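Asks: Before anything else, here's the structure in question.
Quick note: the coordinates plus some simple rules give every number you see, no bench work behind them. Just so we're clear, the structure is a prediction, and the values are computed from it rather than from any experiment. Backbone-built Cβ (ideal geometry, glycine too); neighbour counts: all protein chains shown.
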Amino acid sequence: MQICGIKLTHDGAIALVEDGRLVFCIEQEKRVNNERYQAIDNLDAIAVALAEHDLDVGRIDQFVIDGWFGDVESQFQVHSGKTPIILKGAPYVERHPRGLLTSFDGSGLMLNGKVFPYRSFPHVTGHVTSAYCTSPFAKAGLPALCLVWDGGTFPRLYHVEGQGARFLGSLFPMNGYAYGLAGHYFGPYKQANRHSLDLGIAGKLMGYIAMGTVDEDIVTVFRELYEERFAADTEPARRYRAQSNDWKSRWDAVHEFFNTSALRLDTERPEDVLASFHAFVERVLIRGITAILQRLSDLPGSRNLCITGGCGLNIKWNSALRNSGLFDAVWVPPFPNDSGSAIGAACSALAAGQGFVPLEWSVYSGPALRRTNVPFEWDAVPCTVRELATILARNKPVVFLTGRAELGPRALGGRSILAAAISAEMKDFLNDIKLREHFRPVAPICLEDRAPEIFNPGTPDPYMLFDHQTRTEWRDKIPAVVHLDGSARLQTIPRNSQHKVAELLVEYEKLTDIPLLCNTSANHNGRGFFPDAASACQWGRVEFVWCDELLWTKKPTGLTPGEGLM
């Protein structure tokens with residue numbers, strides 16, 4: 001059984017699941033240096049992705065489209081070649097507590113001139129299925145709670161077990177986009193035009209708030225306005241909560257919340273305001289999930305939690321939930337945001353037919369490296385992983401490209417810029433070449449068995465989804481990966497992993513006794529990962545590009561990248 005999952009809107013992607021195994025997931029932003037969050041506006045992209053994997057569109061058993069905004073159904077305006085097409089799909093949220101796997105059945109999916117039927121499940125369904133089916137709980141046959149919180153919903157809690165899922169309730173009345181929208185009113189991303197949302201701001205705010213301090217007086221302002229406008233038994237709050245399908249009215253209400261907040265907090269430091277807002281939301285989150293669990297004290301099974309939706313990328317909230325003592329184990333997939341929605345669409349069809357079965361998958365299931373012509377001024381020589389470790393030990397950064405790309409938004413050693421972490425200047429250099437603000441952190445990638453020695457807790461974190469503190473005795477040894485508040489967005493990888501980045505870390509450790517490197521994504525600013533060595537060489541901001549055993553170098557002119565970092 002071959003199921004093709006499709007996400008047409010932002011973070012567009014095509015996923016193929018065959019007999020319970022993820023064959024690939026191609027996110028549009030990771031093709032030909034596309035812009036971040038690229039949508040699929042032409043159905044030809046689906047046929048191309050399948051053809052690249054030697055798959056005929058006519059032999060696919062099911063096509064499944066992720067649902068989108070709408071009360072009863074969603075609508076997509078796309079093209080097939082030059083032909084405009086309107087497709088209908090499922091709504092954003094299921095229509096009744098046990099309706100998660102209720103599909104919309106459509107027709108008119110035109111691929112290579114042929115028309116195919118398709119199914120569509122609610123957008124939220126894809127979040128639930130992609131999170132649970134990839135989790136260790138599914139593999140062990142255990143039930144789990146699933147927290148879905150993204151831009152379009154209040155945080156929603158589900159109970160998932162083998163044969164079904166049911167909605168338990170919303171935790172509190174705040175859509176996930178509110179966090180990013182706060183950055184339009186306070187801090188370095190403050191905007192005059194606040195009626196469009198930059199999807200990248202939320203992640204940047206997590207770095208920025210380390211410059212601030214939580215102020216309880218500021219928290220009180222947010223709490224009072226939140227109660228008055230959203231949560232309490234007041235007329236504005238009742239009206240806001242009732243507007244479940246009126247996106248514009250809710251959007252306007254959140255803007256008014258921040259407008260009023262800004263007037264009351266205009267003399268406060270913006271970094272303190274945003275740090276306090278982050279803390280306020282975290283407290284509401286923990287309080288909300290505690291309350292719903294108390295109401296459901298007789299819920300069967302162990303207390304396992306999956307976290308998904310765009311807010312699942314917030315490492316501090318994830319850690320707060322894990323540290324709350326409410327759960328036995330917590331799982332966050334590497335694609336909790338909409339980058340996992342194509343996988344979720346396919347998993348939804350799988351669940352509808354077979355129940356919530358585990359998916360066999362690898363995080364390195366993205367596009368393969370393309371073979372393209374590297375600029376003539378760059379030369380290639382064979383280079384072993386050990387030889388590459390020697391270059392890194394000389395404090396020289398390297399673009400590191402190998403195998404298939406990672407799933408989700410974070411570079412995990414397949415499309416990375418790697419560098420030694422021994423100098424604070426390296427962090428500034430990496431931020432400069434990436435055109436990023438200097439307060440932005442650079443992540444460490446570390447051998448799993450040594451991570452507890454360096455970080456607290458330092459527990460396995462293969463996808464950079466939890467918060468870790470750098471231990472005091474290591475902060476001066478690896479300053480490039482220590483954030484302003486002492487934290488690190490850690491990625492761990494087992495020493496015996498077959499991935500080339502693990503082999504590189506082992507060789508680097510032999511030379512330096514340091515089991516970690518700086519790791520940041522290899523990409524043009526505002527675009528997806530480099531799809532090939534040619535893109536990295538054309539970018540040209542790092543002296544060395546390593547791509548599957550070949551080291552590309554260009555004779556430097558002027559200041560050498562990395563010069564002065566020794």
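Asks: Taking the Cα centre of the range 379-553 as origin, work out the dipole magnitude from +1 charges on Lys and Arg Cβ and -1 charges on Asp and Glu Cβ, in debye rounded to 20. Let's see the in-between values first.
Replies: On the way: 20 positive and 23 negative charges, 59 e Å.
In total the dipole reaches around 280 debye.
Asks: If you take the C-alpha gyration tensor of the range 130-281, multiply each eigenvalue by 5 and take the square root, what semi-axes do you get, largest first, in whole Å?
Replies: With the √(5λ) rule applied to the range 130-281, the semi-axes are 30, 19, 14 Å.
Asks: Ok, one more. Work out the charge dipole of the range 141-332 with +1 on the Cβ of Lys and Arg and -1 on the Cβ of Asp and Glu about the Cα centre, then indicate which of Phe167, Leu205, Pro236 is farthest towards its positive end.
Replies: Phe167
Asks: Okay, which of the range 101-145 sit inside 19 Å, backbone N to the point 7 Å along the Cα-Cβ direction of Phe69?
Replies: 121-127
Asks: Work out from phi, with θ = phi - 60° and the Karplus expression 6.51 cos²θ - 1.76 cosθ + 1.60, the ³J(HN,Hα) of each residue of the range 145-155, listed in order in whole Hz, and give x for Gly and Pro.
Replies: Values per residue, Gly and Pro as x: 7, 10, 9, 10, 9, 10, x, x, 9, 5, x Hz.
Asks: For the pair Leu550 and Asp428, what calculated FRET efficiency results from E = 1/(1 + (r/R0)^6), where r is the Cβ-Cβ distance and R0 = 51 Å, to the nearest 0.05?
Replies: The value I calculate is 0.95.
Asks: Show the residues, 5+ positions off or on another chain, whose built amide H is closer than 5 Å to the amide H of His79.
Replies: Those lying under 5 Å, H to H, from His79 are Asn42, Leu43, Ile85.
Asks: Between Thr220 and Arg303, take the C-beta separation as r, use R0 = 30 Å, and let me know the FRET efficiency to the nearest 0.05.
Replies: 0.40
Asks: Sticking with this structure for a sec: Ranking Glu235, Glu453, Glu448 by Cβ neighbours within 10 Å, fewest first, what do you get?
Replies: Going from least to most buried by this count: Glu235, Glu453, Glu448.
Asks: Report the extension gain between Gln294 and Gln163 in nm, rounded to one decimal, defined as 0.36 nm multiplied by the number of residues separating them, less their alpha carbon distance.
Replies: Extra length available between Gln294 and Gln163 comes to 44.7 nm.
Asks: Search the structure for amide H atoms under 5 Å from the amide H of Phe544, placed 1.01 Å from N in the peptide plane, and list their residues when 5 or more places away or on another chain.
Replies: Val399
Asks: Next question, about the same structure. Output wanted: per-residue J couplings in Hz (rounded whole) for the range 287-298, from phi through Karplus 6.51 cos²θ - 1.76 cosθ + 1.60, θ = phi - 60°, x for Gly and Pro.
Replies: 5, x, 6, 5, 5, 6, 5, 5, 6, 10, 5, 9
Asks: Which one is right for this structure if Cα extents along the principal axes in Å is calculated from it: (i) 65, 62, 47; (ii) 72, 52, 40; (iii) 73, 63, 51?
Replies: So the calculated entry is the one marked (i).
Asks: Going by how many other Cβ atoms sit within 10 Å of their own, how do Asp150, Asp548, Asp298 line up, fewest first?
Replies: Neighbour counts put them in this order, fewest first: Asp298, Asp548, Asp150.
Asks: Given a Förster radius of 41 Å and the C-beta distance between Arg239 and Ile85 as r, what FRET efficiency does 1/(1 + (r/R0)^6) yield to the nearest 0.05?
Replies: On the way: r = 38 Å, r/R0 = 0.92.
Calculated transfer efficiency: 0.65.
Asks: Just want to confirm a number: the relative contact order over the chain, from Cα pairs under 8 angstrom separated by 6+ residues, in percent.
Replies: Working: 1273 pairs, mean separation 91.4, N = 566.
Here the relative contact order equals 16 percent.
Asks: What full-extension length gain, to one decimal in nm, is calculated for Asp246 and Asp41 as 0.36 nm per residue of separation minus the Cα-Cα distance? Walk me through the intermediate numbers first.
Replies: Details: separation 205, 0.36 × 205 = 73.80 nm, distance 2.50 nm.
Length gained between Asp246 and Asp41: 71.3 nm.
Asks: What is the set of long-range amide H partners of Gln38 at a cut-off below 5 Å, with H atoms built 1.01 Å from backbone N?
Replies: Excluding prolines and chain starts, which carry no amide H, the hits are Asp11, Gly12, Glu29.
Asks: For the charge dipole of the chain, defined by +1 on Lys and Arg C-beta atoms and -1 on Asp and Glu C-beta atoms about the Cα centroid, which residue among Pro91, Leu22, Ser276 has the Cα displaced farthest towards the positive pole?
Replies: It is Pro91, whose Cα lies furthest towards the positive end.
Asks: While we're looking at this one, here's another question. Going by how many other beta carbons lie within 10 Å of each one, how would you line up Val281, Val128, Val273, fewest first?
Replies: Starting with the residue having the fewest Cβ neighbours, the order is Val281, Val273, Val128.
Asks: How many angstrom lie between the Cα centre of the range 292-329 and the Cα centre of the range 223-282?
Replies: Value for the Cα centre distance between the two parts: 24 Å.
Asks: Sticking with this structure for a sec: Taking only the C-alpha atoms, wrap a convex hull around the range 257-305 and report its volume per residue in Å³ as a whole number.
Replies: Convex hull volume per residue, Cα atoms: 90 Å³.
Asks: Take the eigenvalues of the Cα gyration tensor for the range 207-322, scale each by 5, and report the square roots as semi-axes in whole Å, largest first.
Replies: Semi-axes, largest first: 26, 21, 13 Å.
Asks: For Ile454, what is the net charge nearby, where nearby means another residue's Cβ is under 14 Å from its Cβ and Lys, Arg count +1, Asp, Glu -1? Before the final figure, lay out each step's value.
Replies: Numbers: positive: Arg450, Arg471, Arg475, Lys477, Arg489; negative: Glu448, Asp449, Glu453, Asp461, Glu473, Asp476, Glu509, Asp513.
Neighbourhood net charge equals -3.
Asks: About its Cα centre, what dipole magnitude does the range 335-431 give when the only charges are +1 on Lys and Arg Cβ and -1 on Asp and Glu Cβ, stated in debye to the nearest 20?
Replies: That gives a dipole near 120 debye.
Asks: Mind giving me the nanometre distance, one decimal, between the label points for His53 and Thr372, set 7 Å out from Cα along Cα→Cβ?
Replies: 2.2
Asks: What's the magnitude of the charge dipole for the chain around its Cα centre, counting Lys and Arg as +1 and Asp and Glu as -1 at the beta-carbon? Answer in Debye, nearest 20.
Replies: On the way: 57 positive and 65 negative charges, 78 e Å.
For the chain, the charge dipole is close to 380 debye.
Asks: Apply the Karplus curve 6.51 cos²θ - 1.76 cosθ + 1.60, θ = phi - 60°, to the phi angles in the range 427-437 and return the couplings in whole Hz, x for Gly and Pro.
Replies: 4, 5, 4, 5, 5, 5, 5, 8, 6, 10, 5
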